[in-house]
Every structure is written in C-alpha cells, then in structure tokens.
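To start, the structure under review is shown below, and the notes come after it.
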Amino acid sequence: MKKTILVFISLIMIFPMLIVLLLSMFSYYRFPLILPQHFTNTFWKTAVVENPLFVSSLANSIVLATCNGICSTVVGIMTARALVRHEFMGKRVVRMFFTLPLFIPAMALFLGVHSVMIRLQLMNHCSGIILAHMLISVPYGINIFISFFQGINRDMEDVGKTLGCTPITLFSRIVLPLIMPGIYLSFSISFLISFTEYFSTFLIGGGNIITFSTMMYPYVHNGDLGNGAVLGIIFISINVGIFYLTEYLSRKKLKIDSYLFE
Amino acid sequence: MAHKKIIPYLLILPIVLLYGVFIGGGLVGIIQESLGHIPILGLKGFTIEYYSTAISQNYFLKSLLYSIYIAFTAAVIATVLGVVIAYAFVTCENEMVQRVVKRALQFGLIIPYLYGVFLAMILFNQTGFFARIAYSVGAIGEPASFPELIFDRKAVGIIWVFVFKGTPFVSLFVMNVMGRIGNTYGDVAKSLGSGSLTILRKIYIPLASNSIVWASSIIFAYALGSFEVNYLLTSISPVPLSAKLYSLFIHPDLTVIPQTMALSVILFIIGGSVVGLYSVLLSFLLKGRI
C-alpha cells in the first residue's frame, strides 16, 4: 500500500516533464491529439542556436549564481559559528530573526530592497542582484551550518587547541573538513535559488542584466510551447547537474560522517 | 581577552548589515514613500491619506482575502501531502522504492516556479493535456466544455503550482527529521496494537512538529507574496494582492506611487502577521500548546 502510493507520487512528479520533452521535439499538436507528432529540431535551433541572448544570459546566470553561492555560504558559516559557539549580546534576536526574509511576502520585501538599491546606486548592477539573492538564500545556509556545528564534537576542537593550534589552523584543518558536506549543500542550494529566481533579478537588474530565467519569461508568458519546452529542459538539466555534482562530492566526503552527530 | 570578545560581533556583522540595510532600510524607504514624502516627484510632507485611499479601493479587501485563500489552501494541501509522503517514505522498508521516490521529490524541488507555470499551462488549459484526455474518453464534446482550471476564480492553477512545488519541499524536509526518530517508538506502539494512522498522529507528527510548522509557513509566505505564479495565472477579477501591487508598480502615472507603496507596506505588515498567525495556529494544532 505504502509502496504503491510512493511510486504513484513519483510518477506524478515526473510525468509533466515527459510531455515537455515530447513538445520540444515534435511540432504538430492540434487539439484532440494526446501526444504531439512530426519530429522536428527547429525548436532547438530557434531557442538555442539562433537566439542571440542564449549564451550571454546563461553566462550571466552562472556567474551570478556562483557568486551568490559563495557569498551566502561564507555568511552562513560565520553567522552559524557565532550562534553555536559564542555568547554575545543580541544572540536571541539574531537567532529569532535570521529566517525573517523567508516569511515576508516576496513582493513587499523586494519593493523595499529596490528602493534601497536606488539610493545606494546598485540598480542595474550585478552586485545589487547578488545582494538581493543573498537575502533569500542566507537563511537556508545558516540553518544548514547550525546543524553541522552542533554536530561537531567539541572535544576535537579542544584537543586541537591544547596541542597548540592557532585559530586559523584549527579552522582549516579541523572545522573545515568536518563541515565540507555542509558547504557543498549550502552552495548548491544558494546556487539553485539564485539560478531560478525571477522577480528580484528582473526588478533589480532593470532589464539591463538578462539571466536565463528572465530570458525564459516571455516564452512562458506568451505560451510558446516548443521554444519554452526546449529552454525549460536546458534549465532543468543544469539544475539536475548541479544537484548530482553536489551529491557526488559530499559522498566522497561521507567517511567523515562517523565523527559527526555523536 | 578583549579581542576575543569582539570575535562573535565580527562574525555576525555581515548578516546584521545585510538585513539591516536591505530589510530595515527597505521598510523605512517604502514607509517614507507611502507617507507621501518623495522629493524627486515634488511631493513633500507626510500624510496618511494614501493609506486610506489604498484601503478604500474596492479591490483591496477582495484581493487580500483572495491571496490569503490561495496561500492557505496551497499550504495546507502541500503540508498534508508532504507529511504523508514523508511518513510513508520513512516506514517503507523497500530501499529501491525509497531511492526512486527521493529522486522524484528532489526533481520536483529543483523545477523553477516560472516553469511550474509553464507546466500548469500545458496540463490544465482548456486545450491542454487533461482536456485532450477527457475528450478522447468522451467526457467532453469540445474544449470549451472543459472546466476552466487556470485563469479562473477558484485559482486552481495557482494552487496547483504551489502544491506541486511545495509538497517535495515539505516532504524532503520532514523526511530528514522523521528519519532520525528511529523505529523503537513505532514498534512499541505497533505491539500495543496501534494502526499506522495512530502512529503517524501520536508519534511522528509531534516529534517532527517544529520542522513541519517551519516548512509549511515558508510555503504559506511564498504563496502569499510570489510574483510570477500569481501574476501569470491569475483570473481577471479578483486579482491576488501581489499581482495587483505589480500592476500598480508599473503604472505610468507616477502619482500612484505613494499608494503603491502604502499597499506594499500593508502587504509587508499584514502578510508578515498572517504568516506568524498561521505558524502559531499550526503549531498549536500539532502540539496542543504554543
């Protein structure tokens, strides 16, 4: 019974993409037909090869997402470290409010961010977009690293300290290897958030900086099935690729898992 | 010793700056504009008349309630489905099935919302996939007799997108926590004669309640304030508040800006409070206390 439900759910998740895959390769789709017919590669040509924005938007997206991944991960490590290992004034406030951006309706949040960006003259700049994306990806990073830091056995750090580690060696030789899977995870989540984010990119980028998702918007809006399907497949394959890469990297590191969560 | 005390403050400096400048500063910025103080447009002085204008528009209450209806329905459906899937996953002993399901859920998680809109259009349109199936089995005679599922007043399309994207999020998140609970409690309950529904209700949900509330509230907040899904799949009337806000924002008449900002402050505050209320209610429902 449980197995049937689970398998059924997986089919529901996967099956829309199968239709999309067919739509990207077959052009004839009049009403009563259930599956499209007439094989063609025009959609791939028009959406990829003849599209002047394809390469630049993809490059923009990847650069922005990578920067966001790195920045969010670093801020996440710093904040989580402070929350788990240190005592300071206002700790309760930080602990309560670090997930705040996820609970404010995105429209209101980004209209506010937009007005700040104008004042700081970050409009139409990549740095503005990265900062806006960081707002919604840092909370996930902090959450990940809080559970990782809580899982590290404190004795290991203390042993390092008594043997004369400087704080830098302590971090690079003991803490960093232990939280490496968390770094991969946080990086990939931040990367995906930035890569798929449409509204803030378009609001702060002001049409100057075109990323993959802002490029895809008109195709979705106009209901352009063939080209939209092609772009979507490329989009999702990149996301799947990132996901698998992360999993592969963190599985290589899995042997240290036995030290974690004691 | 003194420099050691500084370390935690240095560590939290970036996040405080980030949140302070962009969330705090943003709120101050939109409040100032909503009070009618925009020197660059020649508007000076402070007044609350824009708030009363924004609230007295006849679409306001309708849009607000419509948004809350969408967010609430989507969050509840996604949470129930997500928790049930997570429970079935944790207690299912077949590793093959577990691996396949996890992959499928992760796949659902990484599909962008914008693309969810695209899928909704393909599937639920009056000439979409389900309409075609209904036609070929003879349930409908022409596309127009297929019920309107997107761009409709009941917002089925919008809710479907949020459920489609939200269910994997909730279930993957809750699954992680439920996986750590272990079999002991379940086995004891089973030997004392509990059915699986009782085990889910009395053991798994209370122990995972924090993460359920967290994940569900995020879905709720996202559905309340998301732009692309609400804007692209909305009916003509009523319009969700975030879509309405956007059409005011791009309005060519610059004098509506204070009113737009007033609406945005209202969405910020009311939206935030509704999300808070939702999570308090949910945790009360799951734990029996706050």
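Figures for the structure shown
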read-out: Accessible area that becomes buried as A packs against B, both chains, 1.4 Å probe, Å², nearest 100; value: 7300
read-out: Residues losing 50 Å² or more accessible surface upon assembly, region A:202-235, compared with the chain by itself, 1.4 Å; value: A:TYR217, A:VAL220
read-out: Surface accessible to a 1.4 Å probe, per residue, for the residues of region A:82-170, Å²; value: 45
read-out: At most 16 other Cβ within 10 Å, DSSP loop - GluC sites (Glu not before Pro), region B:59-162; value: B:GLU93, B:GLU148
read-out: Candidates per trypsin sites (Lys or Arg not before Pro) in region B:1-77, loop by DSSP, up to 11 other Cβ within 10 Å; value: B:LYS44
read-out: List of region A:93-126 residues, accessible area with partners at least 50 Å² below that of the chain alone (1.4 Å probe); value: A:PHE103, A:PRO105, A:MET107, A:ALA108, A:LEU111, A:VAL116, A:ARG119
read-out: Estimated distance in nm for a label pair at B:ILE40 and A:THR42, the labels positioned 7 Å out from Cα along Cα-to-Cβ; value: 4.5
read-out: Solvent-accessible heavy-atom area per residue, rounded to whole Å², over region B:110-229 at 1.4 Å; value: 40
read-out: Percent RCO, i.e. relative contact order, over chain A, from Cα pairs under 8 Å lying at least 6 residues apart; value: 30
read-out: Computed E for B:LEU254/B:THR91 - FRET, C-beta separation, R0 45 angstrom, nearest 0.05; value: 0.15
read-out: Too-long pairs where the Cα-Cα distance tops 19 Å, listed order kept, from A:LYS91/B:LYS4; A:LYS3/B:LYS287; A:LYS2/B:LYS190; A:LYS3/B:LYS202; B:LYS190/B:LYS287; value: A:LYS3/B:LYS287; A:LYS3/B:LYS202; B:LYS190/B:LYS287
read-out: Value of relative contact order over chain B, rounded to a whole percent, pairs C-alpha under 8 Å and six or more apart; value: 28
read-out: Solvent-accessible surface (1.4 angstrom probe) belonging to B:HIS251, in square angstrom, nearest 10; value: 80
read-out: Inter-label distance for B:LEU10 and A:LEU11, nm, one decimal - labels placed 7 Å from Cα along Cα-to-Cβ; value: 5.9
read-out: Protein accessible area in the protein assembly as shown, 1.4 Å probe - carbon and sulfur %; value: 68
read-out: Point-to-point label distance, A:GLN121-A:THR66, nm (Cα→Cβ direction, 7 Å offset); value: 2.8
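The values are calculated or read from the model by the stated rules, or taken from the named source; none is laboratory data. The structure presented is a predicted model; accordingly, all values stated were derived computationally and were not measured. Backbone-built Cβ (ideal geometry, glycine too); neighbour counts: all protein chains shown. Keep in mind that these areas ignore ligands, DNA and RNA; they rest on the heavy atoms of the full protein, side chains included. Shrake-Rupley method; radii C 1.70, N 1.55, O 1.52, S 1.80 Å.
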